[in-house]
Each structure stands twice: as structure tokens, then as C-alpha cells.
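Here the structure is laid out as C-alpha cells; the discussion comes afterwards.
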Amino acid sequence: MERIVGLEKERRFCKHGFDHGLNVARVAYSYILEKGEVILPKEIVYAAAFLHDIGRWVEYQTGEDHAEAGARLALPLLEASGFSSEDIQVILRGIREHRRHPEDNLTLLGEALALADDWARDCRHCSAQTLCYKFNYAMKQIMY
Ligand SMILES: [Fe+2]
Ligand SMILES: [Fe+2]
């Protein structure tokens, strides 16, 4: 994550450090609670949210999709953190799905991450609003 923060120092658009992970975690968990169908444990949602963009530095350096790279990088961290292999599969799938369209038949965690990734951004106060492709297609629906 520190590597990402360093590589994004000059980035005008949203950055992907710790606070982005925390914001996505809070919004994704709220979404899951509100939806009320299946309640995923908070630890699973927060782990997935904190790790969902961890592959960004790989994408910046190699061009590999950061969702795939992120899942690969997250695996040893989740193992070291004591998650069960079942929980790890749920989290890795959510990380892989976080860039897909939320209505694209995703797992609950993938859908929550994909939505929260947009909803957790403060586009209203962003100086790069008019240049951002995310603002154009997603945020206007939320803000106006
Ligand atoms: Fe991402
Ligand atoms: Fe993100």
C-alpha cells in the first residue's frame, strides 16, 4: 500500500491508499447489511475492501489488471492472517470481481465492492471531476 501511495503522489484522480480501503470497507459492509439477504462477517468484508486495490502498483509497473494481481498478492496475507481456506476463496473472488459491473452476476462481496468502490468517492468536492471517466458514468446518478 505504501508503494501505491508513492506511485500515486502526482495522481490527480482518486488515490488508492489506506483511506480508500477503509471507505470502501464501510460502504460495502453497510450495503451488505442493508441488502439483508446474506450477512457476510465483517472481517471478510473489511479484509477484501482493504486488499481490493493492493495490485495497483503491479498494474502501474506491468500493465497487468490490478484485480487479478491483487488477488495473487492478497493470498499470502490472508493465509498469514489466519483466514480459513473457504473465507480466503470468498475474499479473493470479491477482489477479482471488484472492477466488473455490479449487475454482472457477481458474488455478494464482489457486487458490494464494485458499488462501494464508486460510492465511497467524494466526487462532489474533487478538482478533477470534469476529467474523470468514473464521474461521468457512475457518479452523476448518485449525486444528482
Ligand atoms: Fe480497483
Ligand atoms: Fe478501489
A chain fully extended from Ser30 to Tyr133 at 0.36 nm per residue, minus the present Cα-Cα distance, gains in nm 34.5 nm
For region 2-143, I need the span (max minus min coordinate) of the C-alpha atoms along each principal axis, in Å, sorted largest to smallest. 43, 35, 24
From DSSP H assignment alone, runs of 4+ in the chain each adding -39500 (n - 2.57), the sum over residues rounded to the nearest 500 puts [θ] at 222 nm at -17500 deg cm²/dmol
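Under 11 Å from the Cβ of Leu106, count the other residues' Cβ atoms, weight Lys and Arg +1, Asp and Glu -1, and hand me the total. Write down the numbers at each step before the final one.
Details: positive: Arg93, Arg96, Arg99, Arg100; negative: Glu97, Glu103, Asp104, Glu111.
Computed value for this residue: 0.
Would you work out the relative contact order for the chain, in percent, from Cα pairs under 8 angstrom that are 6 or more residues apart?
Details: 186 pairs, mean separation 32.5, N = 144.
Relative contact order, the chain: 23 percent.
What does the charge add up to near Ala69, with Lys and Arg as +1, Asp and Glu as -1, over the other residues with Cβ less than 9 Å from its Cβ? Kindly include the intermediate steps, with their values, before the conclusion.
On the way: positive: Arg56, Arg72; negative: Glu59, Glu64, Asp65, Glu68.
For residues surrounding Ala69, the net value is -2.
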The longest stretch of the chain containing none of the GluC sites (Glu not before Pro) that sit in a DSSP loop with at most 14 other Cβ atoms within 10 Å is 104-144
Please give the charge dipole size of region 2-143, origin at the Cα centre, charges +1 on K and R Cβ atoms and -1 on D and E Cβ atoms. Round to the nearest 20 debye. 540
If unit charges are put on Cβ atoms (+1 for Lys and Arg, -1 for Asp and Glu) and the dipole of region 2-143 is taken about its Cα centre, the option from Ala120, Val90, Tyr133 lying farthest towards the positive end turns out to be Tyr133
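No lab work stands behind these numbers, since they all come straight from the coordinates. Keep in mind that this is a model prediction, so the values were computed, not measured. No Cβ is skipped: glycine too gets one built from the backbone with ideal geometry, and neighbour counts run over all protein chains shown.
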